Amino acid sequence: MTLNIQKEKVQRSMKLKLNNISFSYNNKDRYAVLDVSLELTEGKCYLLTGQCGSGKTTLALLIKGLLKPSIGNMKIENSNLSLQDFQRLLGFVFQSPEEQFFSETVIDEISFGPRALGLQKIEERVKKALSLVGLPYERFGHLSPFELSSGEQRRLAIASTVACEPYWYIFDEPTAGLDWTGKKKIVALIAKLLKEGKTIILISQELEIFLELTDEIIILEKGKLIKKTDVTHFISEDEPKTIEPLLPYTARVLKILIQRGWNIPIFIMNPKEAAQIIKIYQL
């Protein structure tokens, strides 16, 4: 999917540092996250990926402060915020958020977060958030969240987080279970947040639709950090067999052709563009 996104990055220097983080749910000898050290810089988009069970969601919950590290620590640098305040203000859109709705109306659902944080101008925040996600206030505001389609419910969950105006967001599998149209709308929403200078951590195995947004890719395997790299290196370098399946199909095809001697660019995510280049080289 080609989006032609120009990210207007806000120049800030706040950093979140994870130092040798490990976490075990109930067995000290079996860690869901093991000895992970990371540095995340404000204003970037990070794509956190890995096979099922690799520890992606657990790591995100640790960053949010919903879980406490068994070993290691986290700290905020270049900011007056404490770690606890940072975690409280970090927006987290959970996987299948529609299962967590509890308010009678869309307005009440979005209002809950800002009210809990003691924020002002609630109605203005609700209208702005609904406008951003493409759910007009007049049409959707008084509906029950359970009257919405699955794609609309996903956008409502994002609106509920946006209304709190966090600078950092975590999205856990935001496009899971959506059709192609729904996926494109979610990607476009995240692109809007990036243009505003927000920091985004995306958890997903659907790499192809997010790579154009991404600054750095973080790869976990069995709870361990095995790679943190930019998109170009991720696609172009030889990868271990455990990482290869994560590559978008288009990139895998082009990589095979390059290995066979074709002098073609690998950084092409759009299948139609790839097909055109292959056709040219076949002439």
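Computed from the coordinates by the stated procedures, all read-outs in this text should not be read as laboratory data. None of these values were measured; they are calculated from a predicted model. With ideal geometry, Cβ positions are generated from the backbone for all residues, glycine too; neighbour counts draw on all protein chains shown.
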Next item on the list: Can you pull the one-decimal nm distance between simple spin-label points at Arg88 and Ser131, each 7 Å off the Cα toward Cβ?
Entry: 2.9 nm
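Which chymotrypsin sites (Phe, Trp or Tyr not before Pro) from the stretch 18-79 combine a DSSP loop assignment with at most 16 other Cβ atoms within 10 Å? Walk me through the intermediate numbers first.
Numbers: sites: Phe23, Tyr25, Tyr31, Tyr46; in loops: Tyr25, Tyr31.
The qualifying sites are Tyr25.
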Item checked: Built amide H within the under 5 Å cut-off of Thr199, gap 5+ -> Gly43, Trp168, Tyr169
Check: In degrees from 0 to 90, rounded to the nearest 10, what is the angle of the helix 249-259 Cα long axis to the longest principal axis of the chain?
Finding: 20 degrees
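Could you pull out the trypsin sites (Lys or Arg not before Pro) across the stretch 46-94 that fall in loop regions by DSSP (anything but H, G, I, E, B) with no more than 10 other Cβ atoms inside 10 Å?
none
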Next item on the list: Identify which of Pro136, Pro114, Pro69 has the largest mean-square fluctuation in a Gaussian network model of the chain, with springs joining Cα atoms closer than 10 Å.
Entry: Pro136
Notebook entry, point to check: Using the Cα gyration tensor of the stretch 147-268, with a ≥ b ≥ c the square roots of its eigenvalues, what is the shape: rounded (a/c below 1.5), prolate (a/b larger than b/c) or oblate (neither)?
Noted result: prolate
Note to self: From the phi angles alone, apply the Karplus equation (6.51, -1.76, 1.60; θ = phi - 60°) to the stretch 85-102 and give each ³J(HN,Hα) in whole Hz, x where the residue is Gly or Pro.
What the structure shows: 5, 4, 5, 5, 8, 6, x, 10, 9, 6, 5, 6, x, 4, 6, 10, 5, 9
Margin query: For a test of the definition: using alpha carbon positions, the gyration tensor, and the 1.5 limit on a/c, classify the stretch 110-166 as rounded, prolate or oblate.
Written below: prolate
Check: Which of Gly177, Gly151, Ile76 sits closest to the plus end of the dipole of the chain, meaning its Cα is farthest towards the positive end, when Lys and Arg get +1 and Asp and Glu get -1 on the C-beta?
Finding: Ile76
Check: Expressed as a whole number of Å, what is the distance separating the alpha-carbon centroids of the stretch 63-118 and the stretch 33-62?
Finding: 16 Å
Margin query: Given all pairs of different Cα atoms, what value in angstroms does the Kirkwood hydrodynamic radius of the chain take?
Written below: 20.2 Å
Item checked: Nonlocal amide H pairs with Leu48, under 5 Å, H built at 1.01 Å -> Leu202, Ile203, Ser204, Ile218
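Which of Thr232, Thr41, Thr58 has the fewest other C-beta atoms within 10 Å, and how do the rest follow up to the most? Walk me through the numbers on the way to the answer.
Values: Thr232 11, Thr41 17, Thr58 22.
Taking fewest neighbouring Cβ atoms as first place, the list is Thr232, Thr41, Thr58.
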Notebook entry, point to check: Asn19 versus Lys222, label points 7 Å from Cα toward the beta carbon: distance in nm?
Noted result: 2.8 nm
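How big is the antiparallel share of DSSP beta bridges in the stretch 78-229, given as a percent to the nearest 5? Can you show the working numbers first?
On the way: 5 of 13 bridges.
Around 40 percent antiparallel, to the nearest 5.
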Note to self: Cross-link candidates for Lys195: which lysines have Cα within less than 18 Å, leaving aside residues fewer than 8 places away along the same chain?
What the structure shows: Lys7, Lys9, Lys44, Lys128, Lys184, Lys185
Next item on the list: Find, among the chymotrypsin sites (Phe, Trp or Tyr not before Pro) in the stretch 70-136, those assigned to loop by DSSP (not H, G, I, E, B) with at most 12 other beta-carbon atoms within 10 angstrom.
Entry: Phe102
Margin query: Taking the 0 to 90 degree range and rounding to the nearest ten, how far is the long axis of helix 122-132 tilted relative to the main principal axis of the chain, both from C-alpha atoms?
Written below: 20 degrees
Item checked: Paramagnetic label zone (point 7 Å from Cα along Cα-to-C-beta, Asn78; backbone N under 15 Å) in the stretch 26-48 -> 39-45
Next item on the list: Measure up Lys68/Lys228; Lys28/Lys56; Lys15/Lys192; Lys127/Lys183; Lys56/Lys121 against 28 Å on the Cα-Cα distance and list the ones that go over.
Entry: Lys56/Lys121
Next item on the list: Work out, step by step, the length gained on full extension between Gln205 and Ala176: first 0.36 nm times the residue separation, then minus their alpha carbon distance; give nm to one decimal.
Entry: 9.5 nm
Item checked: Cβ-based charge dipole, the stretch 15-236, positive-most Cα from Leu213, Leu62, Ile122 -> Leu62
Next item on the list: Report, in degrees rounded to the nearest 10, the 0 to 90 angle that the Cα long axis of helix 180-195 makes with the longest principal axis of the chain.
Entry: 80 degrees
